[in-house]
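Quick notes on the structure that follows.
Any read-out appearing in this document is the output of simple, stated calculations on the displayed coordinates, not a laboratory observation. Bear in mind the structure is a predicted one, so any value in this text is a computation, not a measurement. Reconstructed Cβ throughout: ideal geometry from the backbone, glycine too, with neighbour counts over all protein chains shown.
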Amino acid sequence: MKKITFVLFLLISSTSFGQGLIVKAGVNLATTTTKIGGEKVDVDGDKNLVPGTHIGMTYQIMVKKGFFIEPGLLYNLKGNKFSEKEDGDYFKEITRINYLEVPLNFGYKYNFENKDMAIFGFAGPYFAIAFGGKSIEKVKIDGEKDKNKEKLNFGSKDLSILDGGINIGAGFEIKKFKLALQYGIGLSNIIGRDVRGEGDLKLKQSNRVIGIMVGYRIGEDK
């Protein structure tokens, strides 16, 4: 028991350098990718980016000089946009989904000689749970416009409540301020299990998100 306690003490001590809480906020540009029967298909909605936001906190733990682990908890708005136009008429559908996301990033930070500036890169998995969303349809036919809003439903017959994937990114920091660019690659199928289909007709949609983040670290390097 004493040996275990001693090992835990060493681990905690080794991760106490440079750790700190980071408050983050930023802008998302979200879309989805579509596959049918395992083959990627070109869908108009996959080319449109939906603006959104993300906000939350992460905790950076320096495990070795330059290397860090950074778990967190974020609100993340994702979605997609489909649009068709012909002879002045159009149809637009914008989907926005609210997620509570838990990322776990592994990264490396390089400090310049003055120690007030650094660059960093990171990558790691994320897990997210949807807690609401809406779909907005805008239509114009023969000069007549119409707009309809609908609350999204989650479950096996609608949209999946779960999402997961990988985040990769890079950025720089000046003292306690951070600026980073991140790309989220969804690996999960956000279509409900009972409406995905099977075999050559199986439908899969996955989230893709470009994020621009600013952050402020609370805590001093030791």
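Tell me, what HN-Hα J-couplings in whole Hz come from the Karplus equation 6.51 cos²θ - 1.76 cosθ + 1.60 at θ = phi - 60° for each residue of segment 123-138, using x for Gly and Pro?
7, x, x, 9, 10, 9, 10, 7, 10, x, x, 8, 10, 10, 10, 10
In the neighborhood of Ser135, defined by Cβ-to-Cβ distances under 12 Å, what is the net charge if each Lys or Arg adds +1 and each Asp or Glu adds -1?
Local charge sum for Ser135: +4.
Given a cut-off of 14 Å, what percent of all Cα-Cα pairs of segment 122-185 lie beyond it?
73
Kindly provide the trypsin sites (Lys or Arg not before Pro) of segment 82-148 that DSSP labels as loop, not H, G, I, E or B, and whose Cβ sees at most 14 other Cβ atoms within 10 Å.
Passing both the DSSP loop test and the Cβ count: Lys115.
Which lysines have a Cα lying under 17 Å from the Cα of Lys145, excluding residues fewer than 8 positions away in the same chain?
List returned: Lys85, Lys92.
Determine by what factor the alpha-carbon radius of gyration of segment 116-222 differs from 2.2 N^0.38 Å, reporting the quotient.
1.53
Over segment 53-138, what is the mean sequence separation of C-alpha contacts under 8 Å (at least six apart), divided by residue count, expressed as relative contact order in percent?
Once divided by the residue count of segment 53-138, the mean separation gives 28 percent.
Classify segment 119-158 as rounded, prolate or oblate from the Cα gyration tensor: take a ≥ b ≥ c as the square roots of its eigenvalues, call it rounded if a/c is under 1.5, otherwise prolate when a/b beats b/c and oblate if not.
oblate
Expressed as a fraction of 2.2 N^0.38 Å, the rule-of-thumb size for a compact globular protein of N residues, what is the C-alpha radius of gyration of the chain?
Cα Rg divided by the expected 2.2 N^0.38 Å: 1.24.
Return the loop-located chymotrypsin sites (Phe, Trp or Tyr not before Pro) in segment 110-206 (DSSP other than H, G, I, E, B) with at most 10 other Cβ atoms within 10 Å of their own Cβ; answer none if there are none.
Sparse-neighbourhood loop chymotrypsin sites (Phe, Trp or Tyr not before Pro): Phe112.
Relative to the longest principal axis of the C-alpha atoms of the chain, give the angle of the C-alpha long axis of helix 2-14, reported between 0 and 90° and rounded to the nearest 10°.
That helix lies at roughly 70 degrees to the long axis.
Given segment 49-180, report the % of alpha carbon pairs whose separation exceeds 17 Å.
Result for the distance tail: 68 percent.
DSSP loop (so not H, G, I, E, B), at most 12 other Cβ within 10 Å: list which GluC sites (Glu not before Pro) in segment 126-222 pass both filters.
Glu198, Glu220
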